[in-house]
Amino acid sequence: MNTQLRMFTLAAVLAAFAVTGCATTSMRASSQMEDGQYRQAAETYAAAQRDNPDDWQSGVRRGYALYRAGDYQAAQDALKPLWTNRRAAEYARFWAGIAAIAARDEAAARTAWAEWTASRFEVVRAIRPRVEQLMSGELALGPQAASGYVAEAATANGREARADARYGWRPLSPGYSPSYERDAFSDTMLPVTPKPYLP
């Protein structure tokens, strides 16, 4: 019995160290992002993903870091496997589309954004017209255009974050009752204004 208890305790301690190690790696990557070391941050996020394959947030952040480093194809390659992950898909598709727009690859952007969805009204209101322009071939392409669309998403996400903080609910649209569902609140995986940064 004593041996079993010791083995259980050892397993718990090792698991705690593993979780702490992943968190430390992710924190180091976030610090590198803050310092503008996007290439290094992408490598560190990749290490965090290797340590914990279920860490979809590090996967999205890795793609974002590669986008910020200007490696648009690598960003798309890192994000595309996350499109099938229910929790990651919205963010992975958004950033893959942004990277494709920056690379002036309209076909790749269309593929990424074809099934883009979000539950947040303000974010949808900002991005949906861009998706429609992309599908009709009227969307501006290039790094400056991509930065502009990121800024629009950041502003929209910031509006929802402020509404959440102030009122504790997210307005659906004018004339509709507010939503009180916690999962409807804005999500920090899209950039919050004014800094387009993933946590």
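The values are calculated or read from the model by the stated rules, or taken from the named source; none is laboratory data. Treat the numbers as computed from the prediction; the structure is a model and nothing was measured. Please note: Cβ atoms are built from the backbone with ideal geometry, for glycine as well, and neighbour counts cover all protein chains shown. Please note that ligands, DNA and RNA were not included when accessible areas were found on the heavy atoms of the full protein model with its side chains. Shrake-Rupley method; radii C 1.70, N 1.55, O 1.52, S 1.80 Å.
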Exercise. Which residue pairs have Cβ atoms under 8 Å apart, sit 6 or more places apart or on different chains, and have a first residue in region 153-166 that is within 17 Å of Arg93 (Cα to Cα) and a second that is part of a helix (DSSP H, G or I)?
Worked result: Ala153/Phe94; Ala153/Val123; Ala153/Ala126; Ala153/Ile127; Asn157/Glu122; Asn157/Val123
Problem set entry | Count of residues meeting criterion [basic (Lys, Arg) and under 15 Å from Pro143 (Cβ atoms)] in region 70-111 | 1
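Scan region 57-64 and give yes if some residue there is open to solvent by less than 10 Å² (accessible area, probe 1.4 Å), of a type in the set (S, T, N, Q), in a helix (DSSP H, G or I) and under 26 Å from Gly36 (Cα atoms), otherwise no. Give the derivation first.
Keep residues of region 57-64 that are open to solvent by less than 10 Å² (accessible area, probe 1.4 Å), which gives 58-60, 63-64.
Pick out the ones that are also of a type in the set (S, T, N, Q) and you get 58.
Still in the list and also in a helix (DSSP H, G or I): 58.
Filter once more, so that each one left must be under 26 Å from Gly36 (Cα atoms): 58.
Taking every residue of region 57-64 in turn, at least one turns out to be open to solvent by less than 10 Å² (accessible area, probe 1.4 Å), of a type in the set (S, T, N, Q), in a helix (DSSP H, G or I) and under 26 Å from Gly36 (Cα atoms).
Looking only at region 164-186, count how many residues are assigned to a helix (DSSP H, G or I) and either at pLDDT 75 or above or within 17 Å of the chain's Cα centre (by Cα) (or both).
Restricting attention to region 164-186, the residues satisfying the condition of being assigned to a helix (DSSP H, G or I) are 164-167, 182-184.
Within this subset, residues satisfying the condition of being either at pLDDT 75 or above or within 17 Å of the chain's Cα centre (by Cα) (or both) are 183-184.
Total satisfying the criteria: 2.
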Exercise. For region 58-71, does any single residue satisfy the condition of being at pLDDT 95 or above, aromatic (Phe, Trp, Tyr) and under 25 Å from Glu160 (Cα atoms)?
Worked result: yes
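Here is a list: Val150, Val123. Which entry is over 25 Å from Gln37 (Cα atoms) and either touching a helix residue (DSSP H, G or I) at 6+ places or on another chain (Cβ under 9 Å) or part of a helix (DSSP H, G or I) (or both)? Working first, answer last.
Numbers: Val150 fails: over 25 Å from Gln37 (Cα atoms).
It is Val123.
For region 71-111, enumerate the residues that are outside any helix (DSSP H, G or I), open to solvent by 20 Å² or more (accessible area, probe 1.4 Å) and either on the phi < 0 side of the Ramachandran plot or without any contact (Cβ under 8 Å) to a residue 12 or more places away in the chain (or both).
Restricting attention to region 71-111, the residues satisfying the condition of being outside any helix (DSSP H, G or I) are 71, 85-88, 103-105.
Imposing the further condition that a residue be open to solvent by 20 Å² or more (accessible area, probe 1.4 Å) reduces the set to 71, 85-87, 103-105.
Asp71, Asn85, Arg86, Arg87, Ala103, Asp105 - these are the residues of region 71-111 that are outside any helix (DSSP H, G or I), open to solvent by 20 Å² or more (accessible area, probe 1.4 Å) and either on the phi < 0 side of the Ramachandran plot or without any contact (Cβ under 8 Å) to a residue 12 or more places away in the chain (or both).
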Exercise. So which residues in region 30-68 are among the β-branched types (Val, Ile, Thr) and touching a Lys or Arg at 6+ places or on another chain (Cβ under 7 Å)?
Worked result: Thr44
